[in-house]
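To keep things clear, I will list the structure first and then write my remarks on it.
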Amino acid sequence: MPGQPETWQSGAEGQLDRRRTESQGQIEQIGGNVERTYVMVKPDGVQRGLVGEVLRRVERRGLRIAALRMNTISREVAEKHYSEHMEKPFFKSLIGFITSGPSVSMVIEGQNAVSVMREINGATNPLNAAMGTIRGDFALDTGRNVVHASDSPGSAEREIAIHFRESEIAAYSRIDETWLYEN
Ligand code: IDP
Ligand code: MG
């Protein structure tokens, strides 16, 4: 069927191998360690009008937006997303904050997308975040640090599955990918 996304499969090291559906012709391959990561503009970023700023930084770096949605996430989704922090003293306020208003969820793809997105966001505590990172440029407080990005390919797979159905993730290539990557 035209427009039907090809399937993706996790490889040995969290890599993604692009597969072809029977219906589609040759799909442009990008080589290297192609990864997916989950990124969120948190409610403070939305309220402060930083959605475009975040998307601009992701796009200009060359990463591909594969899925994008605005919604107010439920307590259930938030608790699953941040389950590793369940025992932390900030857990309750974190869940309250992240469910307090609309946030923007996305799946971002590209070579080494997981570590590249962590670098784009900057350190968790904005006071330690380098200038030029989102948190270093736009935030002052760990509890209001504007953005989220998965911390490993394993976390990315888990978080993407919490927030998106596979059918919501678009499969395509950016036209500039042949110039972004050597292989
Ligand atoms: P990360 O977002 O950089 O991966 P994590 O340590 O996984 O950082 O923490 C998840 C989120 O929880 C942070 O982005 C921040 O919003 C919040 N958080 C982490 N540590 C604290 C804290 O000490 N006080 C308040 N909020 C915190
Ligand atoms: Mg984290």
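Bear in mind these aren't lab numbers, they're just calculated from the coordinates by the rules spelled out. Note that the structure is a prediction, hence the values are computed from the model and not measured. Counting neighbours? That spans all protein chains shown, and the Cβs are built from the backbone with ideal geometry, glycine included.
When you count the other C-beta atoms within 10 angstrom of each residue and take the mean per peptide, 145-153, 96-104 line up highest first as 145-153, 96-104.
A Förster radius of 25 Å combined with the Cβ-Cβ distance from Asn128 to His85 puts the calculated FRET efficiency at roughly 0.85. In nm², what is the average projected area of the convex hull enclosing the Cα atoms of the range 32-173? Spelled out: convex hull of the Cα atoms, projected over all directions, averaged, 8.1 nm².
Per-residue 3J(HN,Hα) values for the range 118-135, derived from phi via the Karplus relation 6.51 cos²θ - 1.76 cosθ + 1.60 with θ = phi - 60°, read 4, 5, 4, 6, x, 4, 3, 8, x, 5, 9, 7, 5, 4, x, 8, 4, 5 Hz in sequence order (x marks Gly and Pro). Pairs of C-alpha atoms in the range 99-158 farther apart than 17 Å represent 43 percent of all such pairs. Annotation: extensible slack from Ser152 through Gln47 equals 35.0 nm (criterion: 0.36 nm per residue apart, minus Cα-Cα distance). Take the Cα of Asn71, step 7 Å along the line toward its Cβ, and report every residue of the range 141-175 whose backbone nitrogen sits under 16 Å from that point. In the range 141-175, the label zone of Asn71 (backbone N under 16 Å from the point 7 Å along Cα→Cβ) covers 159-170.
Each peptide in 168-181, 121-134 receives the mean, over its residues, of other Cβ atoms within 10 Å, and ordering these scores from highest gives 121-134, 168-181.
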